[in-house]
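What follows is a single structure, written as structure tokens, with notes after it.
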Amino acid sequence: MSKEIIAAIIQSIAVIVAVILGFYVTRGTKKLDWWQAQANDFFICSKTYSETVSKIIVNVFSLVTDHQDKNMGTEERIGDLVRQLRLLGWEIKRHSLPAHKTKEQFLKCEAGLFEAISKLITLLRAGGADKRVDLENIRELQNAFDKSARELHAELCALA
């Protein structure tokens with residue numbers, strides 16, 4: 001065989017190997033992108049969930065302390081925020097599915113926080129605005145939720 005034929009065969013093999021490696025690298029990158037997107041979506045939803053809890057608390061406080069604010073749609077805003085919280089709860093549960101180590105604890109924290117907010121809203125609707133409410137308990141539940149969300153997010157990032 002001549003040197004030119006051997007060089008052509010070596011170049012052909014190099015091109016075939018490059019194509020095969022490129023295929024596997026690209027396929028792995030797409031998988032990585034999906035896991036990163038999953039972790040990012042969870043992060044955004046859990047952060048927005050916590051922010052929505054804060055907005056509910058501020059609106060409830062405003063409603064209880066400023067009776068004129070009732071006419072300005074605060075109750076409607078609270079209702080809208082609770083609906084948003086439900087949607088976010090659905091989304092974070094969906095995005096947390098791949099996490100096996102921290103998911104159970106996270107879901108307990110989310111359920112406890114949502115239950116505390118629901119009790120607060122129920123008390124408010126029942127005319128219990130005169131009663132003292134322990135907002136510190138809700139803040140502690142919110143902090144536990146945030147901590148658990150960080151741990152779950154770290155687990156999702158480790159899957160990427």
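Values in this text are rule-based calculations from the coordinates and carry no lab data. None of the values given here were measured: they were computed from a predicted structure. Positions of Cβ are generated from backbone atoms using ideal geometry, with glycine treated the same way; all protein chains shown enter the neighbour counts.
Where the only charges are on Cβ atoms (+1 Lys, Arg; -1 Asp, Glu), what is the dipole of the stretch 33-159 about its Cα centre, to the nearest 20 debye?
Its charge dipole is roughly 220 debye.
Pairs Lys119/Lys147; Lys55/Lys103; Lys47/Lys108; Lys55/Lys108: which are spaced more than 20 Å apart, C-alpha to C-alpha?
Cα-Cα > 20 Å for Lys119/Lys147; Lys55/Lys103; Lys55/Lys108; rest within.
Can you figure out the FRET efficiency of Ile9 with Gln36, using R₀ = 45 Å and their beta-carbon distance, to the nearest 0.05?
According to the calculation, E is roughly 0.65.
How big is the stretch 33-159 along each principal axis, measuring the range of its Cα positions in Å and listing the largest first?
The Cα atoms of the stretch 33-159 stretch 50, 24, 16 Å along the principal axes, largest first.
Among 117-126, 140-149, how do they line up from the highest to the lowest mean number of other beta-carbon atoms within 10 Å?
140-149, 117-126
Pop the C-beta distance of Lys47 and Glu76 into the FRET formula with R0 = 22 Å and round what comes out to the nearest 0.05.
So the FRET efficiency works out to roughly 0.35.
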